[in-house]
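Before any comments, here is the structure.
The values are calculated or read from the model by the stated rules, or taken from the named source; none is laboratory data. Not measured: the values here are computed from a predicted model. Cβ: placed from backbone, ideal geometry, glycine included. Neighbour counts: every protein chain shown.
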Amino acid sequence: MDDEDFWSSDPKVLQDSEWSKISNEFTNAGYREGITAGKESALQQGFDDGFAHTGAPLGRELGILRGLCSALIALLSRPNPTDTAQAALAETREIAAQLANVRFSDIVPPDLEALAHAREHLDAKMSEAEADSDGEDLADPASLNEELKGKRDLEGLEDLMAQMTAGGGSAATQSRPKAADIVQLKGRLLAIAEASGLKLQWS
């Protein structure tokens, strides 16, 4: 029996074959769409949680501190200042320079799960790159990880912004403040504000 006789003899076989093919295609398409929807849902939920519990509160507090510095500098920069006002102005400018040098990555609590996940991907890429090595610099993980490149670009922008703010140019030579340093800077700023007669309501 040749192929033509097989297909022409029983149309049900052809229908079943086509049905199986279409069914498999729809199953595969549904699976792919389900995976994509699941990834998008997980990403959105992760973003929402990170933004609500970490990004927005830290950004808000840092913005308030920077704004308070600007207000105090304006208040303390009046003509004929006292020695106390001059000292407070100098300290406020120093605090402003330190705050301008803060990077979000320096004050955010580390996401251990994300770090472990990134490490797994980096290790896998390093293994692939070693197997396919064509003379690239494998010691530089940034050459293998687009996310690291993006972070470095963002940090470069943050450095430019720091240089544009009052006193920011000298801050580039100092080490960047960490989360504990921000708490101390906040305390110093609040003390200066209180000594200057400002009544602050911190929420």
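List of remarks:
- The residues of segment 187-203 that are exposed (fewer than 10 other Cβ atoms within 10 Å of the Cβ) and under 13 Å from Ala85 (Cα atoms) amount to a single one, Gly197.
- Some residue of segment 40-60 being touching a Leu at 6+ places or on another chain (Cβ under 8 Å), surrounded by 14 or more Cβ atoms within 10 Å (Cβ to Cβ) and of a type outside the set (Ser, Thr, Tyr): no
- The sole residue among Gln15, Gln98, Gln44 that is within 18 Å of the chain's Cα centre (by Cα) and either modelled with pLDDT under 85 or closer than 30 Å to Gly197 by Cβ (or both) is Gln44.
- Counting only helices (runs of 4 or more DSSP H) that sit completely within segment 1-112, those holding 2 or more residues that are β-branched (Val, Ile, Thr) correspond to 11-50, 56-76, 83-100.
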